[in-house]
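A short worksheet on the structure shown next.
The values are calculated or read from the model by the stated rules, or taken from the named source; none is laboratory data. In this text, all values refer to a predicted model and were calculated from it rather than measured experimentally. Every residue, glycine among them, receives a Cβ derived from its backbone with ideal geometry; neighbour counts consider all protein chains shown. Note: accessible area is taken over every heavy atom of the protein model, side chains too, but ligands, DNA and RNA are not part of it. Shrake-Rupley method; radii C 1.70, N 1.55, O 1.52, S 1.80 Å.
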Amino acid sequence: MRSRVTMVLAVTAVLLGGVMLVPAAYARLSSDETTPAQQSVAAPTPAPPPPPTLAAGKVSVNFKGEFFSWALLDRESGEISGAKNMTATSSTESMLKVWFVADYLRRLGDKEPTAAMKDAASRAIRDSDDDAANTIYRAVGGSYSVPAGGQPGPVVKRAISICDLTDTKRGSVTGYEGWWSFTQMSPRDAVRLGDCIADGTAAGPKWTKWLLSEMSRVRGSTAAEDQELRAGGGRWGIVDGLPESITSQGPVSIKNGWTPLEYDGNWHVNCLAVAEEWSLAVMLRYPQSSSLDYGADVCASVAAQLVTPQPGGALKVPQQPIGKL
């Protein structure tokens, strides 16, 4: 009897031990399996936002004048946005000088210009010097005779074909026939010209960097002391509307054109700027009763409104509220 009781107790103990061991082992196994999941994992560092740039957007400026238009080219996608009338034309004035220099340099190929010609090319860009620009213009076959059939001369024809311009044509102002400054160009073509210069097509591989550097070194303001009869300060406009967050990314290359013309009583003002990601042009005609600063401010305002993301602070706009375009 005692041995049977002893055996029953022993069996019971074994069974109870097994019951106790299984949950304990299961608990250890469960703990081992869940430990990695319970470990804290650092959240991935968010990617920094893209740097500010210029992008297609709505533009509203205060303007009183005969003509206002603008265009922006995204140099990565090739897409052009702008005013509804961005295919309409106005006289290029000194903005076209950048093409003369590019055309001259490309035709040089690997050759070096003389010191005098290189200096003329530089002054045509940095100081918008008319005499220097005319020297370059003649060197590339430019002529002041009136082209046959109302067509542009050979220098402008090359710009049209090499840079794929579609709206550019010879000016037809009576009394100014043959003047390159009256070449008619649209903002859409102007940004194409800027892109053509920046991508190396216009000036060629040897000289593009030099030309863009000269354009980034344009000097002189709209002040009367910087404006001469045959040259003038041209560092104003689009560059004044760009925040430091954009200008610090790299040089912005510009070439403006501006003239108060007797035949229509208007300022003809054009602003062209090109950077790595974009090309922007603003073209204006407005009464000479307003100053050159007025046109410069309109160009700056367009650029400021296209900055994305928008920086804090007010935009720089002309102080003559006339309406919206």
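How large is the charge dipole for segment 167-206, taken about the Cα centre, if only the Cβ atoms of Lys, Arg (+1) and Asp, Glu (-1) carry charge, to the nearest 20 debye? Walk me through the numbers before you get to the answer.
Details: 5 positive and 5 negative charges, 10 e Å.
With only Lys, Arg, Asp and Glu charged at Cβ, the dipole is about 40 debye.
Each of L105, A120, Q151 was placed along the dipole of segment 75-176 (beta-carbon charges, centred on the mean Cα), and the one lying farthest toward the positive end is Q151. Only protein atoms count toward the accessible area here, which uses a 1.4 Å probe; on segment 70-175, the carbon and sulfur part of that area reaches 48 percent.
Here segment 111-129 is scanned for amide nitrogen atoms under 20 Å from the site 7 Å beyond the Cα of E225 along Cα-to-Cβ, giving 127-128.
Rolling a 1.4 Å probe across the protein heavy atoms gives segment 222-270 an accessible surface of 45 Å² per residue. A 1.4 Å probe run over the protein chains yields, for segment 133-174, 50 Å² of accessible area per residue, whole-number rounding. Separation of the alpha carbons by more than 19 angstrom is noted, of K97/K118; K58/K97; K64/K255; K157/K209, for K58/K97; K64/K255; K157/K209.
With both labels modelled 7 Å from their Cα along Cα-to-Cβ, the Y144 to K64 distance reads 3.6 nm. A simple spin-label model places pseudo-atoms 7 Å from Cα toward Cβ; at A116 and S161 they are separated by 3.0 nm.
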